[in-house]
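S.K.: Got a structure for you, questions after.
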Amino acid sequence: MKLTLLVVPAVLLAACSHPAPPQPPGSITGKVSFTGPRPASKQINIEEDAECVKLNPNGMYDESILVNKDGTLANVFVYIKEGLPTPHNYPKPAETVVLDQKGCRFSPRVLGIEAGQTFKVTNSDPVTHNVHPIAKMNREWNQSQSPDDPPIQRRFARPEMMVRIKCNIHNWMRSWAAVMDHPFYAVTGNDGSFTIPNLPPGDYVLEAWQENLGTQQQRVHVASSSTQSANFTFTGEPK
């Protein structure tokens with residue numbers, strides 16, 4: 001009995017061995033709104049530092065819940081919580097994330113940074129401040145910074161949600177840093193909007209974090225080359 005050999009052209013074998021090309025990414029965009037009685041403006045006592053008083057002639061008010069004029073919320077951190085392939089292996093961005101001390105406040109109030117990315121702290125005030133991230137998964141550090149001091153440059157080695165940053169000299173100063181292991185996050189601004197671009201098509205859990213109002217989640221499907229809308233609404237405490 002003769003055996004017949006099946007010869008498959010090399011071109012066909014090569015074609016079959018190549019995976020399908022990746023689908024073009026999509027994005028998520030939306031707004032974070034606030035409903036219910038607006039929180040009363042609470043004035044912060046800054047009289048302990050005359051220079052801070054000079055820098056804030058109209059007084060300083062608490063911004064832990066910052067409602068925009070259109071009823072949206074600023075300083076809400078929105079990010080992909082679940083759905084990305086693991087382990088995450090995204091290239092670290094070359095950009096530096098900057099936290100400034102200006103007007104006796106940290107600016108921005110809320111920021112996102114990737115583990116290993118350069119974190120720079122500057123002091124634009126004519127007074128001495130202190131930078132103290134209260135980290136749990138990362139190394140905690142505490143450093144004063146006078147007006148003439150150079151910028152402080154550090155890195156967070158590990159992902160951590162959320163790292164509170166305080167000033168030990170001025171107890172009202174605080175900021176929050178979300179240390180991520182992927183680039184898919186955003187912080188809402190003066191119109192409450194956010195956009196998370198370049199997402200691989202898939203199903204995700206999207207989370208919105210607000211420092212006083214907690215978190216909300218929703219499931220979002222992102223199709224190739226499309227923009228998916230996702231909105232959040234936080235309810236304020238009744239008066």
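The values are calculated or read from the model by the stated rules, or taken from the named source; none is laboratory data. Just so it is clear, the model here is predicted, and its values are computed rather than measured. Here the Cβ is made from the backbone with ideal geometry for all residues, glycine too, and neighbour counts use every protein chain on show. Side chains included, ligands, DNA and RNA excluded: accessible areas come from the protein's heavy atoms. Shrake-Rupley method; radii C 1.70, N 1.55, O 1.52, S 1.80 Å.
S.K.: Applying the selection to the stretch 104-113, what residues are buried (at least 17 other Cβ atoms within 10 Å of the Cβ) and part of a strand (DSSP E or B)?
M.R.: ARG105, PHE106, VAL110, LEU111, GLY112, ILE113
S.K.: While we're here: Can you give me the ranges of the strands (runs of 3 or more DSSP E) entirely in the stretch 178-239 with at least 2 residues that are aromatic (Phe, Trp, Tyr)?
M.R.: Working: elements: 185-187, 193-199, 202-210, 214-222, 227-229, 232-235.
It comes to 202-210, 232-235.
S.K.: So how many residues does the stretch 84-103 have that are open to solvent by less than 50 Å² (accessible area, probe 1.4 Å), under 19 Å from PRO197 (Cα atoms) and part of a loop (DSSP other than H, G, I, E, B)?
M.R.: Taking the stretch 84-103 first, the residues open to solvent by less than 50 Å² (accessible area, probe 1.4 Å) are 84, 93, 97, 99-101, 103.
This time we only want the ones that are under 19 Å from PRO197 (Cα atoms), so: 84, 93, 97.
When the remaining residues are screened for being part of a loop (DSSP other than H, G, I, E, B), the result is 84, 93.
The total comes to 2.
S.K.: Check every one of the strands (runs of 3 or more DSSP E) wholly within the stretch 114-155 and list those with 3 or more residues that are without any contact (Cβ under 8 Å) to a residue 60 or more places away in the chain and open to solvent by 70 Å² or more (accessible area, probe 1.4 Å). Let's see the steps before the verdict.
M.R.: Working: elements: 118-123, 129-134, 143-145, 152-155.
Where strands (runs of 3 or more DSSP E) fall fully within the stretch 114-155 and carry at least 3 residues being without any contact (Cβ under 8 Å) to a residue 60 or more places away in the chain and open to solvent by 70 Å² or more (accessible area, probe 1.4 Å), they are 152-155.
S.K.: Conditions: (1) open to solvent by less than 50 Å² (accessible area, probe 1.4 Å); (2) modelled with pLDDT of 95 or more; (3) under 21 Å from MET180 (Cα atoms). GLY202 meets all but one. Number of the miss?
M.R.: Status for GLY202: all satisfied but (2).
S.K.: Here is a further query. Of the residues that sit in the stretch 31-50 and are open to solvent by less than 80 Å² (accessible area, probe 1.4 Å) and part of a strand (DSSP E or B), which one is nearest to TYR61 (Cα to Cα)?
M.R.: Here the answer is ILE44.
S.K.: Related question: Can you name every residue in the stretch 156-175 that is open to solvent by 60 Å² or more (accessible area, probe 1.4 Å), in a loop (DSSP other than H, G, I, E, B), under 24 Å from GLU48 (Cβ atoms) and not hydrophobic (A, V, I, L, M, F, W, C)?
M.R.: Residues satisfying the conditions are ASN168, ASN171.
S.K.: Just to be sure, is ALA135 within 30 Å of ASN45 (Cα to Cα) and small (Gly, Ala, Ser)? Spell out the reasoning first.
M.R.: Working: within 30 Å of ASN45 (Cα to Cα): yes; small (Gly, Ala, Ser): yes.
Here the answer is yes, as ALA135 does meet what is asked.
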